[in-house]
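The values are calculated or read from the model by the stated rules, or taken from the named source; none is laboratory data. Just so you know, these numbers come straight off a predicted model, no measurement behind them. Neighbour counts are summed over all protein chains in view; Cβ atoms, including those assigned to glycine, are modelled from backbone coordinates with ideal geometry.
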Amino acid sequence: MQAMMEKRAIELLENGTVNRVLGWSAGEFPYDMTPAVFESVEELQNNFVYNDFCGANLSKYLIKESRKEGKILVFLKPCDTYSFNQLIAEHRVIRENVYVIGIECFGKVDVEKLKAMGLSGITGIIAKNGIYTVETIYGNKEVKMADAMAERCLSCKSKKHVVYDELIGEDGEVVDDCNRFDMVEKLEAMTPDERFAFWRGELSRCIRCNACRNVCPACTCEHCVFDNPNSGIAQKAAVNSFEENMFHIIRAFHVAGRCTDCGECSRVCPQNIPLHLLNRKFIKDMNEFYGEYQAGEDPNAKPPLGTFRTGDREA
Amino acid sequence: MKKLTNLNAFFAAIAAKQALYLPVDNSVGKAEYKKWQDGTVYSSALNTARSAKDFFFPQTENLMEFKMEGKKIDVIDTREECEDFVIFGVRACDAASFDILDRVYLVDPVDSYYKNRREHGTVVTLACNRPAETCFCGAFGIDAGNPLGDVTAWKVEDGYVLRANTEKGEALLACVADLLTDTDDAAVKKEQEKLRAIMAKLPLANLTTDGVGEGLTKELFDRPEWAALSESCIGCGTCTFVCPTCQCYDIRDFDTGHGIQRFRCWDSCMYSDFTKMAHGNPRVSQLERFRQRFMHKLVYFPDNNDGIFGCVGCGRCLASCPISMNIVKVMKTLAKGGNQ
Ligand code: SF4
Ligand code: SF4
Ligand code: SF4
Ligand code: SF4
Ligand code: SF4
């Protein structure tokens, strides 16, 4: 995959279709790739990488990048294309300035899962036939790819690219039986007290680092209410548990109907708070109340929360 | 040096006298400091997800309160003498971070809130035996096999070896004296030997501070590499909040409806409103904010503190940055090339 992507990026850079490439550059370890913009063939040849650890959704960077001079090439996984489309729908990204290559996705690895298996001192990770050989200074271990896969990928909603200029690899289908609402159903089955206890337990770990907000492709306000001293609810740290809840509830409400369920929020949370469950609850409710809707699927679709129909459910 | 074979009895004996905090696995399998009570299981994790600085410099802390009645404003001093407490299992990196925080909070003007906690806390450190790939304490001269603190503990084959380093440490060991026996340092030496061999194999074992440090503001400030390094930083502040040495805070007022609670909370130089003044933020771009974080740790802090770096190599920011950008990548990039 990496070789094909690099080859195509070089071609598009050389023939002038684009003047920059948004991809990933290599890290210190086998798993810590950083999103990077490449401006020359030499840079691509030296630093461009792509592997199972390139989980970051690059769509949000295009808000800024698509406003720069020239066209930029971006590589998007199926789930990233939903975010990209949603940003187009919200007029946040200038489509003409982006050349999208959709890349076939087999799921991404969550390195925390490897670490949770007790793997430490990781020096190499070799993928072969569905198995990762994780090399560490304490010895090697074989791990099944499925056991290392990120939570969001285990319940991937779609292998289909909803927007692209060209594809590398095959396009897939929407996954109907992705089971992504299983945990939401479990939470729904709880008593209100149990559910409250569940969320208090999870949210009490929050350190208000804002990683979830800043990474979220649906959180694109120029000035977030939580940063705005005039909003009356600006906060850098929650003063009490009420404020702790409020940050998350307001954020979940604000992205409701626009959240594509890309899973970035849960991926980046340093405290492993399952934020995606809040958003999935909203998605599930909207599907049930207003009919099936997937944010980002079609940039021209009428969003359920932005549309009024006389038959709409009142509460 | 003292030998301890019954760790749980040691915990119970301390907890009978004062609050004891130690790393415990939480529901998502990460370690966090929890108060010991009967049945608490000590975590085997290398380190806690949040650093130990929380004990002395908590994320939010009340400074004072104002009560308003008509035109009368009462200013209430909310400071209280903190109770004695013990933290067990602090690693060498975090223990070194306390020295860095002391250099900020215990110099004139002394921060009485911080000092209060520092004076009442006894730190028991634990030498590492299974460092992770993200560890690079060695780059800053920190010995993971000989951590500081009031008491140092080593896990050895058949128990623990303890050494008191301060008066507070002596006092702590004295109150559990019946659980301890005298021992020499042979077992400790053996563990340190093993650790040294492991440390040498770590991927960041050869990281040095060459190219950064005291007096290099002019050389490093305008380096063109800052642009690429900061390019994909999302300005979230995760790196600052997980960092044991990050020390910046903001002071804010919370309207309780019948008064004002003035509190301080952690702040991050990565934020757009950090040190915002009437004219706006002095650092208008993410490049400048990003550069501030690393220049502070690698140049400005050493400049003002006898060359001591403001990073202890704990590796938390390496493990938690959403885009995997971090101080190691910055150090390596700055060390490369350059036009000095
Ligand atoms: S990323 Fe996690 S810890 Fe950070 S603000 Fe969001 S929920 Fe809280
Ligand atoms: S709320 Fe989370 S899942 Fe939804 S779009 Fe934002 S980052 Fe993605
Ligand atoms: S360096 Fe990483 S953790 Fe720090 S603010 Fe930037 S993106 Fe967030
Ligand atoms: S900068 Fe990173 S490695 Fe250094 S002390 Fe802070 S969190 Fe640890
Ligand atoms: S950075 Fe050093 S002291 Fe800290 S946990 Fe790793 S090996 Fe131990």
I'm checking my understanding of the structure. Among residues of region B:115-150 that are over 30 Å from B:Asp210 (Cα atoms) and buried (at least 24 other Cβ atoms within 10 Å of the Cβ), which one is nearest to ligand 3 (Cβ to nearest atom)? B:Val123
Which one of A:Glu202, A:Glu222 is away from ligand 4 (no atom under 16 Å from the Cβ), within 14 Å of another protein chain (Cβ to nearest Cβ) and assigned to a loop (DSSP other than H, G, I, E, B)? A:Glu222
Restricting to strands (runs of 3 or more DSSP E) lying wholly in region A:65-155: which have 2 or more residues that are free of Cβ contacts under 8 Å to residues at least 40 places away in the same chain? A:122-128, A:131-136, A:139-144
Could you please give the count of residues in region A:225-240 that are more than 10 Å from chain B (Cβ to nearest Cβ) and within 13 Å of ligand 1 (Cβ to nearest atom)? 1
Scan region B:247-277 for residues that are within 11 Å of another protein chain (Cβ to nearest Cβ) and not charged (D, E, K, R) and report the count. 14
Within region B:297-310, is there a residue that is among the charged types (D, E, K, R) and farther than 21 Å from B:Asn47 by Cβ? yes
Any residue in region B:122-138 that is β-branched (Val, Ile, Thr) sitting within a Cβ distance under 7 Å of a residue that is at pLDDT 95 or above and within 16 Å of ligand 3 (Cβ to nearest atom)? List the pairs, counting only those 6 or more apart or interchain. B:Thr134/B:Gly315; B:Thr134/B:Leu318; B:Thr134/B:Ala319
Looking for whichever is within 14 Å of another protein chain (Cβ to nearest Cβ) and within 20 Å of A:Ser155 (Cα to Cα) here; the options are A:Leu44, A:Leu119, A:Leu62, A:Leu114. Which one fits? A:Leu114
Could you list, ordered by first residue, the pairs with Cβ atoms under 9 Å in which the first is in region B:96-115 and under 25 Å from B:Ala144 (Cα atoms) and the second is in a helix (DSSP H, G or I) and polar (S, T, N, Q), at least 6 apart or interchain? B:Arg103/B:Asn304
Does region B:59-72 include one or more residues that are buried (at least 17 other Cβ atoms within 10 Å of the Cβ) and of a type in the set (Gly, Ala, Ser)? no
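Matching residues to (1) more than 14 Å from every other protein chain (Cβ to nearest Cβ); (2) touching a His at 6+ places or on another chain (Cβ under 7 Å); (3) of a type outside the set (D, E, K, R):
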site: B:Ala139; (1), (2), (3): no, no, yes
site: B:Gly145; (1), (2), (3): yes, no, yes
site: B:Gly149; (1), (2), (3): yes, no, yes
site: B:Val156; (1), (2), (3): yes, no, yes
site: B:Asp182; (1), (2), (3): yes, no, no
site: B:Val188; (1), (2), (3): yes, no, yes
site: B:Ile198; (1), (2), (3): no, no, yes
site: B:Lys201; (1), (2), (3): no, no, no
Being without any contact (Cβ under 8 Å) to a residue 12 or more places away in the chain and more than 16 Å from ligand 2 (Cβ to nearest atom) is the filter here; which residues of region A:205-226 pass it? A:Glu222, A:His223
The condition of being within 16 Å of ligand 5 (Cβ to nearest atom), assigned to a helix (DSSP H, G or I) and β-branched (Val, Ile, Thr) holds, among B:Val312, B:Val299, B:Val328, only for B:Val328
For region A:151-171, state whether one or more residues are away from ligand 1 (no atom under 16 Å from the Cβ), surrounded by 15 or more Cβ atoms within 10 Å (Cβ to Cβ) and either under 21 Å from B:Val28 (Cβ atoms) or more than 21 Å from the chain's Cα centre (by Cα) (or both). yes
